Amino acid sequence: MAKYLVLIYEDEASYAAATQEDHDRVYKEHVVFAEHNGPKLLGGDALHPTGTATSIRKDSSGEFLVTDGAFVETKEAICGYYLIDAADLDEAIAVAKQVPAPYGGVEVRPVQIFD
Amino acid sequence: MSPEAAAAVADAHRREWAFVLSAAVRVTRDIDLAEECVQDAYARALTAWSAQGVPASPGAWLTTVARNRALDLLRRDATMRRSLPLLLEDQVEPGPDEAPAARAGDDRLRLIFTCCHPAMALQAQVALTLRLLCGLTTAEVARAFLVSEPTMAARLTRAKKKIAAARIPYRVPPPEALPGRIDAVLTVVHLLFTTGHTAPAGESVVRRDLVERSLDLARMLRALLPDDADAAGLLALILLTDARAATRVAGDGRLLTLDEQDRTRWDRPAIAEGVALVREALRRRPPGRFALMAAIAAVHSEAPTWDDTDWREVLALYDLLVCVWPSPVVALNRAVALGFVHGPARGLRELDSLAGEPQLAGYGYLAASRADFLRRLGRTAEARTAYEEALLLTENAAERRFLAERLRGLRP
């Protein structure tokens, strides 16, 4: 088996504009997704919006530069993830297709394994 | 090295590469290593066949040598064996009753579905197909797509890395996924054919090398998927379109349109084979896009002269094609057929309704088709503008000569 990270990219502005009912519906969809794919899910979380993010990099003199905001500013940002177990890419894509992402989509990345 | 051996090796390279490579991958479970072993087997064949004569079954000889080489390498190097990124495949081994030929077919299909996996960019799928299924060298693949060899090498390396790291499975997809995946494979072969049939740029309009490779692949798919109507349709389309190859370009390199071509020189055996395949492909309901395009090509092939063309039949087929494949390019061709059935004014109206399609912006054929209708309507000044626009948008030298000649032929 192999591990894949399913990154959920969505438009934060759409989320911010969504009603409480919308939020409840998406939450329920995630619960259903988790129930359907239980044994394949190794982990997963929803993240707070990029407005809460802090980015850290080293400048040319080796000093830490701590800045407010996401590492890369994009319209669609990572707002959650699942770590899944799958035999191959086809199986990972089949699981990823079920991940709720009403305001965007998902990206599937194979996890590197070092022996 | 004997000339017979060299010819036999070249022939086996063309016919058996996919067969030998897919069998080697089964042993190595790694594409790069399998390629190495297959290359080595072909190199050995040159010497061995010169000395001992060409074996009765070159493909089987090459497969055995390539597999033995792979087993030898893997035995000698246990660390390599461990570090190989395993390609997955069905663990089910064929039963004793299963003919070896059936398994070989499966092996080639596995390789085809891996090369044309939709998780890779279409360009990468086409490049992998030429490299792994047709056995073209990286330099040849690079030439086919008019990019530099390092660029193509990087593209192929990246694609193979993705197959291994993301674990794109080495298998025939399950039945529920099969129709979509077969369509992806046929799309790759069709793209290869259209690129060869009308080269997007360059001096000559046809790239024979690409056309022949696409025909080989279409034949292989037809043999491996005998019940698939779309595979039959694609082979028919390629045969019927290519049957006119000898008459498409005049001696001076000028492109000839269907009405100018010498129909007595069309390849009749290819047309007969194509027409029989079209009949079979059209039996599926609804017919697929390749079957319909092939049927349109068949209507042209069967008309003894340009004036005998059954445009109503062509238009009816385009009406169906637009439904299964609603692409602006298909709509454009339908508009041209409409013009032949109901007159240039009607065709022009239809073309103008497509002018807003973003996919047709910058597409030379739209301007060229408008120019042709305007010319036939006697609207010379507008036709001139349209031909000039088409010339700006066309990079193929033979097509440019054709347009320039039409432009010169307009009455002042």
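Among the residues of the range A:93-103, those that are touching a strand residue (DSSP E or B) at 6+ places or on another chain (Cβ under 6 Å) and away from chain B (no Cβ under 14 Å) comprise A:Val99, A:Ala101, A:Tyr103. Condition first: in contact with a Cys (Cβ under 8 Å, 6 or more places away or on another chain) and within 13 Å of B:Cys115 (Cα to Cα). Can you find one or more residues in the range B:161-178 that meet it? No - not one qualifying residue is present in the range B:161-178.
Any chance the range B:141-163 includes a residue that's part of a helix (DSSP H, G or I), within 19 Å of the chain's Cα centre (by Cα), without any contact (Cβ under 8 Å) to a residue 12 or more places away in the chain and surrounded by fewer than 20 Cβ atoms within 10 Å (Cβ to Cβ)? Within the range B:141-163, one or more residues are part of a helix (DSSP H, G or I), within 19 Å of the chain's Cα centre (by Cα), without any contact (Cβ under 8 Å) to a residue 12 or more places away in the chain and surrounded by fewer than 20 Cβ atoms within 10 Å (Cβ to Cβ). Exactly one residue out of A:Asp59, A:Asp90, A:Asp85 is free of Cβ contacts under 8 Å to residues at least 12 places away in the same chain and within 14 Å of another protein chain (Cβ to nearest Cβ), and it is A:Asp90. Given the structure, is A:Glu29 assigned to a helix (DSSP H, G or I), away from every other protein chain (no Cβ under 14 Å) and at pLDDT 95 or above? Criteria met by A:Glu29.
Residues checked against (1) closer than 19 Å to B:Tyr318 by Cβ; (2) in contact with a strand residue (DSSP E or B) (Cβ under 7 Å, 6 or more places away or on another chain); (3) modelled with pLDDT of 90 or more:
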residue	(1), (2), (3)
B:Gly343	yes, no, yes
B:Ser353	yes, no, yes
B:Leu366	yes, no, yes
B:Leu374	no, no, yes
B:Leu377	no, no, yes
B:Thr380	no, no, yes
B:Ala390	no, no, yes
B:Arg400	no, no, no
B:Leu410	no, no, no
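The test for being surrounded by 15 or more Cβ atoms within 10 Å (Cβ to Cβ) and more than 22 Å from B:Asp183 (Cα to Cα) does not hold for B:Leu320. Among the residues making up the range A:76-100, those that are among the aliphatic types (A, V, I, L, M) and over 19 Å from B:Pro118 (Cβ atoms) are A:Ala77, A:Ile78, A:Leu83, A:Ile84. Taken over the range B:164-181, the residue count meeting the criterion of being within 14 Å of another protein chain (Cβ to nearest Cβ) and not in a loop (DSSP other than H, G, I, E, B) is 8. Quick check on the range B:182-194. Is at least one of its residues within 14 Å of chain A (Cβ to nearest Cβ) and either closer than 16 Å to B:Ala127 by Cβ or crowded, with 18+ Cβ neighbours inside 10 Å (or both)? There is at least one residue in the range B:182-194 that is within 14 Å of chain A (Cβ to nearest Cβ) and either closer than 16 Å to B:Ala127 by Cβ or crowded, with 18+ Cβ neighbours inside 10 Å (or both). Report yes if A:Val106 is within 14 Å of chain B (Cβ to nearest Cβ), within 16 Å of A:Leu41 (Cβ to Cβ) and touching a residue at least 40 places away in the same chain (Cβ under 8 Å), otherwise no. Yes; evaluated as a whole, the condition is true for this residue. Annotation: B:Pro118 fulfils all but one of (1) closer than 20 Å to B:Phe19 by Cα; (2) under 17 Å from the mean Cα position of the chain (by Cα); (3) within 14 Å of chain A (Cβ to nearest Cβ); the unmet one is (1). Taking the criterion of being over 15 Å from A:Gly104 (Cα atoms) and not charged (D, E, K, R), the residues of the range A:17-29 that qualify are A:Thr19, A:Gln20, A:Tyr27.
The values are calculated or read from the model by the stated rules, or taken from the named source; none is laboratory data. On a predicted model such as this, the values are computed, not experimentally measured, just so you know. Every residue, glycine as well, gets a Cβ built from its backbone with ideal geometry; the counts of neighbours run over all protein chains shown.
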